[in-house]
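Following: one structure in structure tokens, then a few remarks.
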Amino acid sequence: MKEFYMLYPKISHNKTGIVVSMLRRAELLANAGYKVFLFTIQYDALTRIYFNECYASGLLTNRENIKLINLFSFFQKKEQDNHCVLIDKPHNNCEYDKNGNRVYKGKFNKNKRYEVFHDNRLTHINYFDDGILNARSKYDDYGKLCTFQTLVDKKVINEFFYDIYGKLVLKINFSYKKDVKKINSICLFDQFGMVEKEFYSLIDLAVYTLKEYICIKKNILYYFFIDRITEFFPFLLGNNPSNYFFIGTIHAAHYTNYLDIFSAPNKRYTHYFNNLDKLAALVILTHAQKEDIIKVYGESSCYKVIPHTLSKKPHSLNLPVDPLQFISLARYDKGKRLDLLIEIFAEVLKTHPDAKLNMYGFGLEYENLQLLIDSMQLTHSIKLFPFAKNINPLLQSSSMLLLTSQSESFCLVVMEALANGCPVTSFDIRYGPSEMIVHKKNGYLVEGDDKKLYAQTLIDYLNTSDVFKQGMRSNAIALSEQTSSEVVLKKWQDLIEEIEISYKNLRQS
């Protein structure tokens, strides 16, 4: 028997590319009959809601073989919970603010208690002593008390976590350095309310939980997929049972200067390369990146190339395609160089003023990008939209996806676009686009960082016939079969078989 654990800090409302790729890997393996657990370690009262969103959006469909284990929810026994409807009771001496939150006054008309609601659900209560905030109780999506915080100078000093039956299960003590909150210690309580063990970080508690509570059967092979090594490297480096296998994954460039593969290493991945002997496999998304890694770090038998995949092919929605409609799907992040894309598209508009560019994403660069669009007076032609959950209709109705990233590891959105029959234009960057885009067949690869060439490429494309454009869309779908779920699943199964053969040989020697 075997079980797969996808390790990640948290699943939130906005799903990053790494989270999406992890979820699709989970779906792929679950659909093949494997038991998959998403193991997250950070606390969020809405963890259950965010996990269910994965199913509502179609990122996940397999409920039988995919389970979520959140570190805090595990001890709070959330899996035993049933929905609890809060009954609104009449309150005396209660005022309401403009948002419908309840305010209770004490002596001298100072705040004593402040009950905060969101979508008619109690989220937290702030408590005051002589008008000064000194405590807060927080409630989960089922209306149950889940944590109680004590505050000094508006800073959380202690946080107590309760299970669904009201028992104390965890306590975290915090300290601050330059207003940055840090965990000092974590106490885990047993069923009798005694301290079972003390920890000094979340990952220490997580490792203890996995080893002592969850992954404890000797007849099961446990596979741990690490998508964020910076949080989980203490687990990798620990003294682990022989039936634990760690599979590292690389989702971005392994160096810092995108123009130089020998530049300073990307610190997110140095733990991998310094501890290859601890890994059963290090999964790299493209052959080109594997070759560059070998140039820097040398050969290793644990390097395996397995690309992303879509858990299922998109259904054709038979939407009309607007030949003048272009699309961008990327975080509003400097590394995506969306300011460059705006400048490129401004050149396209000089010859094709009716062309449109819709940009979907989220991130810190939103305001800067909007200011750039405004300053160039392009608001009629280029629009910024929030992160889109369902991108299939957007891609199927757009003429082309545009990518201007300075580097990628595989670029999931390129694969999604091609599977939806949407050609892609990208700079010929490391890595990913060149392994999926065949120049002038299903898109375009633009050499270097030549903005003029990129713009001219789009202009030339707009000048082609409808027959040529339709041929590109057909090629996009056909060539996307190279990363079909069947092909990629076979690669994972081959890797698992190889690991288990080595494990059996080691036990017999």
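Just so it is clear, none of the values below were taken in a lab; they were calculated from the coordinates. Please read all numbers here as calculations on a predicted model, not as lab measurements. Heads up, the Cβs are rebuilt from the backbone with ideal geometry, glycines too, and the neighbour counts pull from every protein chain shown.
This structure gives volume of the Cα convex hull per residue in Å³, computed directly, and of (1) 247; (2) 147; (3) 189 that value is listed as (3).
Each of Y444, Y222 was scored by other Cβ atoms within 10 Å of its Cβ. Arranged with the fewest first, they read Y222, Y444. Counting only residues at least eight positions apart within a chain, or on another chain, the aspartates and glutamates with an alpha carbon under 13 Å from that of K155 are D179. Cross-link check: pairs K313/K451; K267/K336; K313/K491; K177/K267; K313/K504; K182/K389 evaluated at a Cα-Cα cut-off of 28 Å; pairs beyond the cut-off: K313/K451; K313/K504; K182/K389. Based on alpha-carbon centroids, what's the gap between region 310-373 and region 94-138 in Å, whole number please? Each part reduced to its Cα centre gives a spacing of 43 Å.
Fewest neighbouring Cβ atoms within 10 Å first, the residues T483, T40 line up as T483, T40. Only one residue of H439, F410, C215 has its Cα farthest out toward the positive end of the dipole of the chain, where Lys and Arg carry +1 and Asp and Glu -1 on Cβ, and that residue is C215. Estimated from helices alone, the mean residue ellipticity of the chain at 222 nm is -9000 deg cm²/dmol (sum of -39500 (n - 2.57) over DSSP H runs with n ≥ 4, per residue). The label point for T379 and the one for K504, both projected 7 Å from the Cα toward the Cβ, are 6.7 nm apart. Which of C215, C422, C146, C411 comes first, and how do the rest follow, when ranked by fewest Cβ neighbours within 10 Å? So the residues, fewest neighbours to most, are C215, C146, C411, C422.
Here the chain carries DSSP beta bridges of which approximately 50% are antiparallel, counting only pairs with both residues inside. Roughly how far apart, in whole Å, are the Cα centres of region 26-64 and region 174-226? Cα centroid of region 26-64 versus Cα centroid of region 174-226: 22 Å apart.
So for region 160-207, taking the charge dipole from beta-carbon charges (+1 Lys/Arg, -1 Asp/Glu), which of V195, F161, N173 sits furthest toward the positive end? In region 160-207, that residue is N173.
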